[in-house]
Amino acid sequence: MNSLRTARVTVIVLSLGLTVSFIVFFLIAPLVGYPLSITEAQELMNVVVPVFSGYLATAAACVFRKPDSTEPELSPLTMFMLLATAAAFIVLSVVLFWVFAHASKIPLPGVAMTYAMLKGYFLTILSIMTAVYALAIAYLFHAENT
């Protein structure tokens, strides 16, 4: 459970899954009545997809290099950190986009949420994921297995 291979596969699956999920959401959201214009949806897609694509590119570079000769065990906290960070990102993103869908329709000043506010909150949530995953990927996909 705490192997380097398991952690790497987890990062790849989460990165690919989140990339596809966000692309699908941002492509269909304007068409199903979600309060984003096609331009706004594309702008948000252009913010999030490069982050996860970068994770996948780093992973791909590791996958296509010479196979590791050994597979060290990782701290139990490694998998917890990867999964908990992804879960927090997913939950916060779902809540944010739910709040935006409902708060953008409220005509009261100080209660409504604008697109600029959505984008700012989303970048904040994404930065949490990026901070943890950037370091994790640097370690997991460049770890020396001696």
Mind ranking 108-114, 93-99 by how tightly packed they are, going by the mean number of other C-beta atoms within 10 angstrom, highest first? 93-99, 108-114
Once Leu83 and Val99 are pulled to full extension, the length gained, defined as 0.36 nm per residue separation minus their Cα-Cα distance, is 3.4 nm
Expressed in nm to one decimal, what extension gain is obtained for the pair Ala57 and Leu123 from 0.36 nm per residue of sequence separation less their Cα-Cα distance? 21.7 nm
Taking the Cα centre as origin and putting +1 on Lys and Arg beta-carbons and -1 on Asp and Glu beta-carbons, what dipole magnitude results for segment 4-140, to the nearest 20 debye? 60
So how far apart, in nm, are the two label points at Ile90 and Leu135 if each is 7 Å from Cα heading toward Cβ? 2.3
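The numbers here are math on the coordinates, done by the rules we state, and not lab data. Since we're looking at a predicted model, the values are computed, not measured. Using ideal geometry, Cβ is built from the backbone for each residue, glycine included, and neighbour counts are taken over all protein chains shown.
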